[in-house]
Structure formats: C-alpha cells, structure tokens
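Quick notes on the structure that follows.
The values are calculated or read from the model by the stated rules, or taken from the named source; none is laboratory data. Keep in mind that what you see is a predicted model, and the values were worked out from it rather than measured. We place every Cβ from the backbone using ideal geometry, glycine too, and count neighbours over all the protein chains shown.
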Amino acid sequence: MHRLEYKYLIPENRISDLRKDVLNFLDYDKFSALMPQKEYSVRSIYFDTQSLLTYHQKIDGVKKRSKYRIRGYDKTGHNQMIFLEIKSKDVDYISKERSPMPINCLEEFFGNNGSAGSNRNSDQLSAGSGKFLYYYYLYRLEPKVNIVYEREAFECRSGSGLRITFDKNLRAGKVSSYMDLYNETEMPSCISSYFILEIKFNRIIPAWLPMVLKKYNVVRQAVSKYVIGIDVLNNRNFIKPS
C-alpha cells in the first residue's frame, strides 16, 4: 500500500501537550497500548553500498529511492522474529515490503545465498525474503548502522489509516554482527532536545490535524534517521534544519 508520510522535529518539552491533543482524536495502537509506558523500542540495522548510495540519494533529494534494513522490536530471544524490510519512496508516497525471519537465521541467510541452513527453517521464511536478497547481492549491500529509538504510536479510531508516531531518544551504533540489532553498548544520542513526529496517511489529512500542528508552530522537514545516524557515527553533529 502506498501512503503519504510527513515528518517534523518537535522540541521535547512539547511532547506532553501534543500527546494530549492527539489523544483527543486518536488511540494508542495495539502495541503501545500493551506497554506500561505506552512506548516500545524500534531497532533497525540499515544496509547500504560501500559508497553509501542510499545515503547520498537521500542527501541529494532523489525523488524515487529505496532503503534496506533489518527491523526488530524490544528485547531479544534466540528465536525472536525480525523483519527484512524494503522501504521505497516516490516523491511523497512511501511503500514498505517486509518479510519475517527468526533472528538466529540471519547469519546463515546472508552467508548461504538465502538458503537459511539448507531449508532448516524454510517454513519460517517468506517469499519476500528473496527480493531482499536480490538487492543485497545486486548492490553488494553491507550493514552500516544500528538505529534505536522509543516509539509512541497512535492510530485512527475509525480505521481511516491515519497513523501518528512520536520517535524519541534516537541513538546510533556501529554494526559488527546482525545480533548487534539488540546491542546498545556505545550508542551515542543523535538528536538533543527533539523528538521526531511522523504522520502517515492514505490521501487526506483530517481537518483537526493541521490546526494542532499550527498550534506548535512546526514545519514539515526531511528527517532521515539513517542519515542522522551515519552522520553521528562519522562525528558530524546533527544540525536541526531551519
């Protein structure tokens, strides 16, 4: 499904007020609702070429591009399910393809041309994993950075497809193994005093939302967690766009 995605940087000291305004119209999604703090950890290992093709495509504003990542949530276990994801963007529209896989299959999956140990876990693999592997070899992708943050997620009560997330405490770490997805040692903070507001919707934003955004005097921005993470790990401080 193709959706529109808008992003904003919001000062951390406005999060409580914004949360109250959002909850007048939306509910926490089923994952946030289950958590004591109404948030969950999102973990992503991003892949790129040796020359950082997808990084530079983002920097250069290429209108049609894709990025490749492994995504997991919260704490790990030996058989924890993670997702191979291809997130594509065409101007303002985004789409995402994801394939589940046990985390303990990753090393064999990438090391044995997707065989996952001679089909030892083939019943747990999806057809979409082959597409991820195709691009992995086509572009000679390498794991570049581990991005972790906490997410509060809200969704429309009427099922319109509107989804709003608050992504907080963004941090980045180097990757030496796929198991680093759950390794949080030496992960510097990436954005000081701000959180990322993301709005995803199908076609039309409800009338109340622009009024809420105007209240906080925010401007839509091109915010890439991957780009920010790469910059931080290369000692380039994130500078909030004006």
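Applying a threshold of 7 Å to beta carbon distances and a minimum spacing of six or more residues, or different chains, the list of pairs starting in segment 142-161 at a residue that is aromatic (Phe, Trp, Tyr) and ending at one that is not in a strand (DSSP E or B) reads PHE154/VAL22; PHE154/ASP29. Residues that are among the charged types (D, E, K, R) and not in a helix (DSSP H, G or I) were ranked within segment 1-16; the one that is farthest from SER224 (Cα to Cα) is ARG3.
The number of residues in segment 86-118 that are at pLDDT 90 or above, small (Gly, Ala, Ser) and surrounded by fewer than 18 Cβ atoms within 10 Å (Cβ to Cβ) comes to 2. Only residues that are among the basic types (Lys, Arg) and under 30 Å from ASN235 (Cβ atoms) were counted in segment 188-222, giving 1.
For segment 220-233, the count of residues that are surrounded by fewer than 16 Cβ atoms within 10 Å (Cβ to Cβ), assigned to a strand (DSSP E or B) and modelled with pLDDT of 90 or more is zero. Of the residues making up segment 52-108, those that are in contact with a helix residue (DSSP H, G or I) (Cβ under 6 Å, 6 or more places away or on another chain) and in a loop (DSSP other than H, G, I, E, B) are THR76, HIS78, GLN80. A search for C-beta distances below 8 Å between a residue of segment 36-60 that is at pLDDT 95 or above and any residue that is acidic (Asp, Glu) and in a helix (DSSP H, G or I), counting only pairs 6+ apart in sequence or on different chains, returns ILE45/ASP180.
Being under 22 Å from VAL232 (Cβ atoms) and surrounded by fewer than 17 Cβ atoms within 10 Å (Cβ to Cβ) is the requirement here; does SER44 meet it? In short, no. Considering (1) out of contact with any Gly (no Cβ under 8 Å at 6 or more places or on another chain); (2) in contact (Cβ under 8 Å) with a residue 60 or more places away in the chain; (3) outside any helix (DSSP H, G or I); (4) of a type in the set (Lys, Arg), the lone condition that ARG19 does not fulfil carries the number (3).
Scanning segment 67-85 for residues that are surrounded by fewer than 18 Cβ atoms within 10 Å (Cβ to Cβ) and more than 20 Å from PHE31 (Cβ to Cβ) yields one hit, HIS78.
Among what's in segment 164-191 and is crowded, with 21+ Cβ neighbours inside 10 Å and of a type in the set (Gly, Ala, Ser), pick the residue that is nearest to SER41 (Cα to Cα). The qualifying residue nearest to SER41 (Cα to Cα) is ALA172. From the list ILE196, ILE147, ILE191, the one residue that fits, being under 23 Å from LYS67 (Cα atoms) and either over 17 Å from the mean Cα position of the chain (by Cα) or assigned to a loop (DSSP other than H, G, I, E, B) (or both), is ILE191.
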